[in-house]
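First up is the structure itself, then whatever we jot down about it.
The values are calculated or read from the model by the stated rules, or taken from the named source; none is laboratory data. Bear in mind that the values here come from a model prediction, so they are computed numbers and not experimental data. A quick note on method: Cβ atoms are made from the backbone with ideal geometry, for glycine too, and the neighbour counts reach across all protein chains shown. Surface accessibility is based on the protein's heavy atoms, side chains included, excluding ligands, DNA and RNA. Shrake-Rupley method; radii C 1.70, N 1.55, O 1.52, S 1.80 Å.
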Amino acid sequence: MLLLALDTATPAVTVALHDGTDVIASSRQVDARRHGELLLPAVDRLFADAGLKLEAVTGIVTGIGPGPYTGLRVGLMTADTFGLALGVPVYGLCTLDGLAYAADIEKGPFVVATDARRKEVYWATYADSRTRLTGPAVDRPADIADRVAGLPAVGAGALLYPDTFPRVHEPEHVSAAALASLAAEKLAAGEELPAPRPLYLRRPDAQVPKNYKVVTPK
């Protein structure tokens, strides 16, 4: 087994290789505006560092969000393209699940929150690092304060709103290494992974103007 994992659902552009037992190479760059520019060079460096060829990959793992439309689709389209070119399966995993899996919290429950912009967070609650209880959802932090009161929190979204999430733990950003490890664990156990379909949770920021007029040639 050789899994190529990637995620662009958050400001982090992250990639990793997993051989079914361990992560053998990984990288992460945080830049919310350069997902498309950074992802493929990161994949090239990953294989160079590992001394492997892309053709050795037996499966692709991609974070499916939730996340902003523009960034998220970069990873999903790249994963689909690799899967088609190599003739290998493409698996999806919730990005928040990857953060939960890597959380440095010994005992749950806890909450994972990423920045959804518009003064909102994408969030979910977990019984432990592998068991999601609720979500994912998108809300203003003040609107969920009662539901997450007293819970430790993980993620960049939690860091932005200390009044709602006063107990924040690492990691701040998702890593493809965690996604790859979680996927390998689930596949080894015979679990079926989600399809690589995006969890947008809301409409994209870009909208067609309401008074837009279509001009056709006479």
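Applying the criterion of being free of Cβ contacts under 8 Å to residues at least 12 places away in the same chain and in a helix (DSSP H, G or I) to the residues of region 9-48, the residue that is farthest from LEU93 (Cα to Cα) is ALA48. Scanning region 55-76 for residues that are in a helix (DSSP H, G or I), over 21 Å from LEU199 (Cα atoms) and touching a residue at least 40 places away in the same chain (Cβ under 8 Å) yields a total of 1.
A residue that is at negative phi, surrounded by fewer than 21 Cβ atoms within 10 Å (Cβ to Cβ), over 19 Å from the mean Cα position of the chain (by Cα) and not aromatic (Phe, Trp, Tyr) cannot be found anywhere in region 173-187.
Inside region 157-185, residues that are under 23 Å from LEU6 (Cα atoms) and not polar (S, T, N, Q) make up a count of 17.
Scanning region 156-170 for residues that are under 18 Å from ARG130 (Cα atoms) and either open to solvent by less than 20 Å² (accessible area, probe 1.4 Å) or among the charged types (D, E, K, R) (or both) gives a single hit, GLU170. How about region 162-180: which of its residues are farther than 15 Å from SER27 by Cβ and touching a residue at least 40 places away in the same chain (Cβ under 8 Å)? PHE165, HIS169, GLU170, listed by residue number.
Selection over region 98-122 of residues that are open to solvent by less than 30 Å² (accessible area, probe 1.4 Å), assigned to a helix (DSSP H, G or I) and not hydrophobic (A, V, I, L, M, F, W, C) gives a count of 1. Within the option set ALA149, ALA195, ALA153, being of a type in the set (Gly, Ala, Ser), within 19 Å of the chain's Cα centre (by Cα) and open to solvent by 30 Å² or more (accessible area, probe 1.4 Å) holds for one residue only, ALA195. Just wondering, is there one or more residues in region 77-97 that are open to solvent by 50 Å² or more (accessible area, probe 1.4 Å), modelled with pLDDT of 95 or more and assigned to a loop (DSSP other than H, G, I, E, B)? Yes - at least one qualifying residue is present in region 77-97. For region 157-174, the count of residues that are within 17 Å of ALA116 (Cβ to Cβ), in contact with a Phe, Trp or Tyr (Cβ under 6 Å, 6 or more places away or on another chain) and modelled with pLDDT of 90 or more is nonzero. Comparison of LEU46, LEU3, LEU39 shows that the only residue that is within 30 Å of GLU120 (Cβ to Cβ), open to solvent by less than 70 Å² (accessible area, probe 1.4 Å), touching a Ser or Thr at 6+ places or on another chain (Cβ under 8 Å) and of a type in the set (A, V, I, L, M, F, W, C) is LEU39.
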